[in-house]
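Read the structure below first, then the notes.
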Amino acid sequence: MPDTSFSTMLATVGDATQATRLQLPEDWMQGRAGYGGLVGALALKSMRSHFPSERKIRSLLISFVGPVGPGDFSIHSRVLRSGRAVTQVEAKLVQQEAVQCVVLGSFGGDRDSAIRIEPAPRPEMASPANSLELPYIDGLTPAFMRHFAYRWALGELPFSGKGGREIGGWIQFREHTDCLTEEWLVALADAWPVPVLAMLSAPAPASTVTWEMGFVHLDRHTCTENDWWSYRSTVDSAENGYVHERGAIWDPEGRLAMYSRQTATVFA
């Protein structure tokens, strides 16, 4: 069996050039498209060689132009501008000569500042041991979900016919690692369903159109252990087939690590 672990996927991109042909394994698919969290993480990894290591990822903007399918694709990344404080990098995922995803990353080093506002605290929720385990069910749940362990703690389950405003709980990778960088965090943050799917009583497809992420570093080390991370997402509005939601993810110590905003479509 081929090694399709997340760490292996990142390693293939780390050595890739624009001429390198990459592929998404079947177990990282979400319907007919590759899992968006993996696509975003691969794009971020491809950007790393374009700036000094002391410049940290501050924000990531992703436009899912089209589905990245199971065939060959390549990643084209380039620096748009590198100033004294911030480096702006662009990455495009190209498949069959068409751009399927565009990613913009902003990287900046720490600076002395008189301004500091404490990040939002982790919301109160049941512990992982007292939360509902969300299992992977082959043929029913999306293929990529086999790579994550879930504990559901807030909101109603998808397709339960009730709720739809909020979801949340705990998540971690199933594979062993002792160092989660921001690439791993991108994959964790996208692994939850759109909250409004709880309003439906039968399965229906949904997909992300755009995704914005902001990273909170809090003087942490460059990597964090693989333990239970907490997640919460709330819906600001949903109408005419489009959903606007915002979410956040906290590290195992309860410190805010990333916040996000998504625009998604729901075909129901």
Across (1) within 30 Å of VAL65 (Cβ to Cβ); (2) modelled with pLDDT of 95 or more, GLU156 clears everything bar (1)
The number of residues in the stretch 6-57 that are within 20 Å of GLN100 (Cα to Cα), of a type in the set (Val, Ile, Thr) and in contact with a Ser or Thr (Cβ under 9 Å, 6 or more places away or on another chain) is 4
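Among the residues of the stretch 111-119, is there at least one that is in contact (Cβ under 8 Å) with a residue 24 or more places away in the chain, at negative phi and small (Gly, Ala, Ser)? Quick ask: steps written out before the conclusion?
Taking the stretch 111-119 as the starting set, the residues that turn out to be in contact (Cβ under 8 Å) with a residue 24 or more places away in the chain are 111, 119.
Cutting the leftovers down to at negative phi gives us 111, 119.
Then drop every residue that is not small (Gly, Ala, Ser), which leaves none.
No, the stretch 111-119 has no match at all.
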Looking across the stretch 50-87 at residues that are under 17 Å from the mean Cα position of the chain (by Cα) and of a type in the set (A, V, I, L, M, F, W, C), the single one that is nearest to GLN30 (Cα to Cα) is VAL68
Of the residues in the stretch 43-87, those that are surrounded by 20 or more Cβ atoms within 10 Å (Cβ to Cβ) and more than 20 Å from GLU182 (Cα to Cα) come to VAL68, PHE73
In the stretch 88-140, anything open to solvent by 30 Å² or more (accessible area, probe 1.4 Å) and under 18 Å from the mean Cα position of the chain (by Cα) is listed as LYS92, GLN100, VAL102, LEU104
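The values are calculated or read from the model by the stated rules, or taken from the named source; none is laboratory data. None of these values were measured; they are calculated from a predicted model. With ideal geometry, Cβ positions are generated from the backbone for all residues, glycine too; neighbour counts draw on all protein chains shown. When the accessible area is computed, the model is the full protein with side chains, heavy atoms only, and any ligands, DNA or RNA have been set aside. Shrake-Rupley method; radii C 1.70, N 1.55, O 1.52, S 1.80 Å.
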